[in-house]
Amino acid sequence: MNPKVKEALDKSLALIESSVDPNKTYLEIFGKGGIFTVLAGEIKNIEPQNRAAFGRDLNSAKSQIEQALHIKRSSLVVSRSSGFIDITAPGKKQKIGHLHLVSQAIEEIVGIFTKIGFSLQSYPEVDWDWYAFESLNMPKNHPARDDWETFFVKAPASSRYGNQVLTPHTSNGQVREMERVKTFTPRSPKGEVGPIRMLNIARCYRRQIDVSHTPMFHQFEGLYVDKNVSIPELKGTFDFFTTNFFGPKRVTRLRPHHFRFTEPSFEVDVTCGVCLGKGCRICKSGWLELGGAGMVHPNVLKAGGIDPQKYSGFAFGWGIERTIAMKTELPDIRLFYQNDLRFLEQF
Ligand code: PHE
């Protein structure tokens, strides 16, 4: 290689090597007055018989320089100090998250019940014994309370409302809602109230953990109080929910049960999504248990200051995690709270 070309090539490669701005370096080499441009201009001073060889050397040097610049550019994909961004480098895909499946279900449930006039209310997660039990016809030391495996809060008790508890069910919202509606709806002189159409969704806590229980879970509670509310309305409401949430092929049934705060009381079942009621390995009987329900007990209406002679109502309270599990055929609801993305990303 011609020594002049060699010299210019080495100079250029050294410049590229230490470059932080390949665009600027390019100009220093190939721009007007650049190392390579000046060198190429020399060709006219070369004896004619050597010009072809000089030209070949120039071409070879040029392609070496361009190659070095290309490598430099790629190595400086993004350099803050130079502000150089290689727009040809492949981008990093942004991870886009989504709502947790419990939040998705809450949105869906609220959407279904608001269509038929229920409005979402929220009541305390840490509440008085009075609202969680006593006002619901479960006096102190009543054995029925055992079913709620309650966490009590170490805090001063109220002489009127008793101890504080982590709400073991959303039924604590029933009497609170009666009080709210009595306070805020304009009342006629005859003492009319309501109607009440409450949907109360909240976290609940019980001392239990296994495939179908987590110590913290969510419930949605419906309460409807008006004149002449009857069981067919309760059944119609459940059917509306079931067809909207689980699909048109699933139906509900009421099974007699017992709760202190409803009379009569029911357990609500929905047909299994796998066999649609025929009976299979998962459900055995064809039915899956959705949750409790019933006609509001007169003592509960009284506790909320509503005259049970004039008004009646129905209530239901179902677990959200369990309801989702029944839609998606999940075998273990503890999966909801293990925060394993491999599970969560599927929804
Ligand atoms: N609170 C009851 C439970 O947690 C469910 C229920 C709500 C039953 C309203 C009847 C009426 O199991």
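Coordinate-derived values only; no laboratory data. Only a predicted model underlies this, so the values are computations on that prediction, with no experimental measurement involved. Positions of Cβ are backbone-derived with ideal geometry, glycine not excepted, and every protein chain shown enters the neighbour counts.
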Cys in the chain lacking any partner Cβ under 4.7 Å -> Cys204
On a full-extension model of 0.36 nm per residue, what is the gain between His257 and Gln309, subtracting their alpha-carbon distance, rounded to one decimal in nm? 16.3 nm
Stretched fully, the stretch from Ile43 through Thr328 gains (0.36 nm per residue minus C-alpha distance, one decimal, in nm) 94.7 nm
Cα-based Rg then Dmax for the stretch 3-80, in Å, read 13.5, 50
Per residue of the stretch 292-301, what does 6.51 cos²θ - 1.76 cosθ + 1.60 with θ = phi - 60° give for ³J(HN,Hα)? Whole Hz please, x for Gly and Pro, Karplus curve as stated. x, 6, x, 8, 3, 5, x, 5, 6, 4
For the stretch 289-347, alpha-carbon Rg over 2.2 N^0.38 Å: 1.76
Here FRET efficiency (C-beta to C-beta, Lys24 to Arg56, R₀ 41 Å, nearest 0.05) is 0.90
Treating the Cα atoms of the chain as identical point scatterers in vacuum, please give the log10 of the normalised Debye intensity I(q)/I(0) at q = 0.07, 0.15 Å⁻¹, two decimals. -0.49, -1.24
Under the rule of -39500 (n - 2.57) per DSSP H run of 4 or more residues, summed and divided by the residues of the chain, what mean residue ellipticity at 222 nm is obtained, to the nearest 500 deg cm²/dmol? -11000 deg cm²/dmol
With springs only between Cα atoms under 10 Å, which of Val20, Val193, Val102 fluctuates most in a Gaussian network model of the chain? Val20
Give, as ranges by residue number, the residues of the stretch 1-33 whose backbone N falls under 19 Å from the point 7 Å along Cα→Cβ of Ser75. 9-29
If the cut-off is a Cα-Cα distance under 18 Å, which aspartates and glutamates reach Lys278, setting aside same-chain residues fewer than 8 apart in sequence? Asp269, Glu289, Glu329
Please check: in the Gaussian network model of the chain (C-alpha springs, under 10 Å), which one of His142, His70, His297 has the largest mean-square fluctuation. His70
Give the lysines reachable from Lys310 as a straight Cα distance under 22 Å; neighbours fewer than 8 places away on the same chain don't count. Lys182, Lys190, Lys227, Lys235, Lys302
Share of alpha-carbon pairs per 5 Å distance bin for the stretch 211-326, given as whole %: 2, 11, 20, 21, 19, 13, 7, 4, 2, 0
Residues with amide H under 5 Å of His297's amide H, sequence separation 5 or more or different chain, H placed in the peptide plane at 1.01 Å from N; which? Thr262, Glu263
So, over other residues within a Cβ distance under 15 Å of Ala325, counting Lys, Arg +1 and Asp, Glu -1, the net charge is -3
Largest first, please: the extent of the C-alpha atoms of the stretch 25-176 along each principal axis, to the nearest Å. 115, 40, 25
Hey, can you grab everything whose amide H is under 5 Å from the amide H of Gly162? Only 5+ residues off in sequence or another chain; H modelled, so Pro and N-termini drop out. none
For His169, list long-range residues whose amide hydrogen, built 1.01 Å from N in the peptide plane, is under 5 Å from its own amide hydrogen. Tyr205
Whole-Hz Karplus couplings 3J(HN,Hα) for the stretch 115-131, θ = phi - 60° and coefficients 6.51, -1.76, 1.60, Gly and Pro as x, run 4, 10, x, 7, 10, 6, 10, 10, 10, x, 7, 10, 9, 6, 3, 4, 6
At R0 = 22 Å the Cβ-Cβ FRET efficiency linking Ser285 and Ser122, nearest 0.05, sits at 0.05
Rounded FRET efficiency, nearest 0.05, which uses the C-beta distance separating Tyr161 from Phe240 and R0 of 41 Å: 0.70
Among all the lysines, which ones have a C-alpha under 17 Å from Lys44's C-alpha, if same-chain residues fewer than 8 places away are not counted? Lys4
Residue-by-residue Karplus 3J(HN,Hα) for the stretch 308-318, coefficients 6.51, -1.76, 1.60, Hz, glycine and proline x: x, 6, 9, 10, 9, x, 10, 9, 8, x, 10
By count of other Cβ within 10 Å, fewest leading, how are Glu345, Glu263 ordered? Glu345, Glu263
